[in-house]
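Reviewing the structure listed below.
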Amino acid sequence: MRITPFCLLLSALSVLLAPVASAKNVDLSTVPDRDSVQLTIYNSEDLTLVRETRKISFKPGVNPLQFSWANTLIDPTSVELRFLTSADQLDVLDTTFPHDKPQMLYWNVQSEMNGEALVEITYFTSGISWAADYLGICNAEESSMHLESFVRVTNNSGEDYDEAQVRLVVGTINLTEKIAQLAQIPVAQVEELSKEQRRELRFKAVRSLALPAGAMGGGADESADFAAPKEIIKEGLSEYFLYTVAGTESIPSGWSKRMRSFEKAAVPMKTRYRFRPAEYGDQLVRLYLMTNDEESTLGETPLPDGTVRLFRDNGRDGLSFVAAQNIRYIPIGDKIELNLGPDPEVICEWVKLKSWRSQVWMQINGADVFRRVDDNRVEIDVNSTVAGWDDHTLFTQRIRNYSSRPIEVEFRRPLPGHIVFRSPFAATTYDYQTVEYQAQVPAGEKADLRCEVIQHQGRNAKQNNVTLEPVEQL
Amino acid sequence: MRGPRAAMYLVLVAFSASVTPPAEARIKLITLPVRQRVEIQLDHPDVTLVEEERVVPLIKGLNQVDFSWANTSIDPNTLVFRVVVQGRDDATSSDEPDAAKSPEVQVLSVSYPPGESALVWQVSASESGSALVRISYLLGNLTKSFNYRAVVSRDEQILVLRQYMRLQNQANEEFDTTSVWAGFGPQFLKPIGLNETKEMLMHKYEGVPVQKAYTCDPTEFGYLDQAQNKLRVPMHYVLQNDKRHQLGLAPLQFGKVRIFQEDRQGSTAFLGEDWGKFTPLDDEMRLYVGTAQDIVVQRTIEKNEQHRVAGNLYNVDVVVKYEIENFKDQAVTLDLVESIQQIRAEVYRDTGRDVEWQLGGETTFAGGPDAEKSTYDRQVFHAELPARGADSKAQKIVHKLHLILKNEW
């Protein structure tokens, strides 16, 4: 069994309260055990708030308490002592951080009582993290998904936490200093370090972390009864969400533990194909779309950042691996988009069919005079230069669907410059220089969407935007 | 010499109540459930999914199922542990647990020990008994590739195309009789040994019509003799991946195609090989066989005139002339491919702008460009070439491509 590096020593000192530095030759110490411990773990930062309670006997007068945390990653500036019982009879007189023992502090507690009190010690530590991940198995028809969400807690803090209540914070908090940096240096020296030094300290701290083979306690109800997976209770907390794992968990240092956050048997989903170069690169990709709402049997909690691993029932009593994708925090009610990449059964081509020019304007050299080339009434001056013109290009957006299902395809095509987009099909603008249009392609068929792009060039270009111009035919 | 063998274990550990067991206690061996069934899914282009089924005896209450591996590239993050739905119709193995007697099983959590290739599932069972579980994971170094063997008939009208899948097992893990599936085609049931490569016939396509395509394209294939303006004329076999052409079951995967031709002795002669690109349904696979030296094409720019439109704005009149001789015994169709941008760069300069062009009246190709195969810049024309005459002399066929490049500056 590992010896915990934490020590809380109640020192029986001489009546005269000697300076702390000379109090190291104590005759007697007691080491009160933890009664309970609670971990509140933040996933946006390397930060965990530890809240532990211990019972300590006090005698009237001044009671020195020594708290040390060798080989752990506790931020010394964050350690606090609070009295949960007999608070009106107990007071912390002072807190001392000895110069020669960086991972230690002393409290001098003034007691008006003779007896036991419950104290709470809180501190920030680094090295404990949690992350969400998801397992999705969609049915063979790709119409619904069996979705499981997990949280995985990893303890590299150097300290074993037995029977701890675990709370996980979803959201992004603000920290001015990294806890791992603060953990490595005496409290007085924090401000003196350069950024580089702090980074180096943090690096060393992580590297030097031993990963002793610890025990992985069940934490669950360890009776011989049939047990269901633990519930993870979700609640809103200001800008964050708090997940509380029911019961307690034991997470030895070096171990990680993955627990199910929720499981939904049949989340309705749709398949869409999208061409959006800014989001998915210059390719047509297939997506699974769901919504994090009640209608989709979800919506109880935001979905924290994490990796989604997608499988599909291959219809042959087995699974096919589809994709692994990181998702960002998805609020309640928001869309869930899972990008599966290109589909070899759907071919998308943007084919240039023809190109020509019109509205060619010449500028008479040395003069601010312009003449249009195709205007037969004007005399063409040999001593002139092309100053403006319109490029016309006829394209076809060709989609070939060789899959066994009809597909819906969405395009978001950026067209920079001063553009007129002429099309016989419905199109809208997504922004000032991006055109959006859709197509439905039945199984085994192809679609050709013809459009003409007119780009005003040279002096003809007056704007930098797209104008839509519906036409009957191209 | 064989590398270190992979060790993959599924160990069921009795969970001692009330005491949190130390790490060493995980090694307490109760039973070592063997694999009942293994499937290797190769349908993803980049990764290999292995699914295995094992019968796990469980005791009522909490159980720890320890899964560990060594010297294999299992991605632990992809491990999925599922209790197979009981009472499967196809459950034929007598080793499989009786559905009616199987306990209800719940996976409570997964723990990952430090510094080990292992994980521990904490599983709760409603009763003591056996459960059939399926464990899925992505396994590295178990890869697939495709290759083809094409045997062309004597008259080069049809061919027999065999598609093979080659499975290379460098995963340091051997599999007894294992189901292997590529995402299409048949499902194979084969043992796959350590460091073994296994090649399996995916499909044999018979009577596939093959088209011999002779193509000259100065941009793509260049010149055979540039000083004499003689173009290179490669010959390709063209296969259409659709059902009308006896293919079209699935996209043809990228792979090497070895081409043979039946000979008079009832055997085959090796004609050459080429990489077949990934060919979706309805697309064509072109296999380069060699350069056709019996077809001589001389390409010259016959006319290059610039006509001022205004100021620095010009139209360019271009005629490209092709003098073609076919020294073969058979008549053939030659595809002449031209990049209009490339012609402009030859006769004028590359302005970086799209070319505005139209065909001129001196063009001789009947019917103009092939509308289906041509694009805006790449124009495809066909020239019918008669076989050489009885006196072994080839008839010289002359074709002209007349282009007017408009509004250039």
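Worth a mention:
- DSSP-assigned coil residues among trypsin sites (Lys or Arg not before Pro) in region B:331-409, each with at most 11 further Cβ atoms within 10 Å: B:R349, B:K393
- In this entry, region B:233-309 is assigned a mean projected area of 9.8 nm², taken as a quarter of its C-alpha convex hull surface.
- Shielding by partners for peptide B:356-362, expressed as the average number of C-beta atoms from other protein chains within 10 Å of each residue's C-beta, is 2.
- Links that overshoot a 18 Å alpha carbon limit, given the list A:K354/B:K373; B:K303/B:K393; B:K204/B:K256; A:K354/A:K462: B:K303/B:K393; A:K354/A:K462
- Potential extension, A:S358-A:E469 segment - 0.36 nm per residue separation minus Cα distance: 38.2 nm
- For A:V267, the amide hydrogen comes within under 5 Å of the amide hydrogens of A:M145, A:H146, A:L147, counting only partners 5 or more places away or on other chains and with H modelled in the peptide plane.
- Zone residues, region A:336-366, relative to A:E410, backbone N less than 16 Å from point 7 Å out along Cα-to-Cβ: A:336-341
- Packing-based order for B:107-117, A:238-248, using average beta carbon neighbours within 10 Å, highest first: B:107-117, A:238-248
- Modelled FRET efficiency - R0 30 Å, B:T351 with B:V398, Cβ distances, 0.05 increments: 0.45
- Taking a straight Cα-Cα cut-off under 13 Å and skipping sequence neighbours fewer than 8 places away in the same chain, the aspartates and glutamates within cross-link reach of A:K55 are A:D33, A:D35, A:E116, A:E120.
- Partners for A:K59 among lysines (Cα-Cα distance below 27 Å; same-chain residues under 8 apart left out): A:K24, A:K101
- Over 19 Å [Cα-Cα, region B:35-88], rounded percent: 40 percent
- Checking every one of the trypsin sites (Lys or Arg not before Pro) in region B:103-192 against DSSP loop status and a limit of 13 other Cβ atoms within 10 Å picks out B:R154.
- Per-residue shielding of B:303-313, expressed as the average number of other chain Cβ atoms within 10 Å of the residue Cβ, stands at 5.
- Within 10 Å of the Cβ of each residue in A:311-324, the mean number of Cβ atoms contributed by other protein chains is 6.
- Projected label distance in nm at B:N195 and A:K59, using a 7 Å step from Cα toward the beta-carbon: 7.4 nm
- Cleavage-rule hits, trypsin sites (Lys or Arg not before Pro), region B:240-337, DSSP coil, Cβ neighbours within 10 Å at most 16: B:R264, B:K277, B:K328
- Prolate/oblate/rounded label for region A:321-396 (Cα gyration tensor, a/c 1.5): prolate
Bear in mind that the values in this text are calculations on the coordinates, not laboratory data. Please read these numbers as outputs of a predicted model, since none were measured by experiment. Methodologically, a virtual Cβ is constructed for each residue, glycine included, from the backbone with ideal geometry; neighbour enumeration extends over all protein chains shown.
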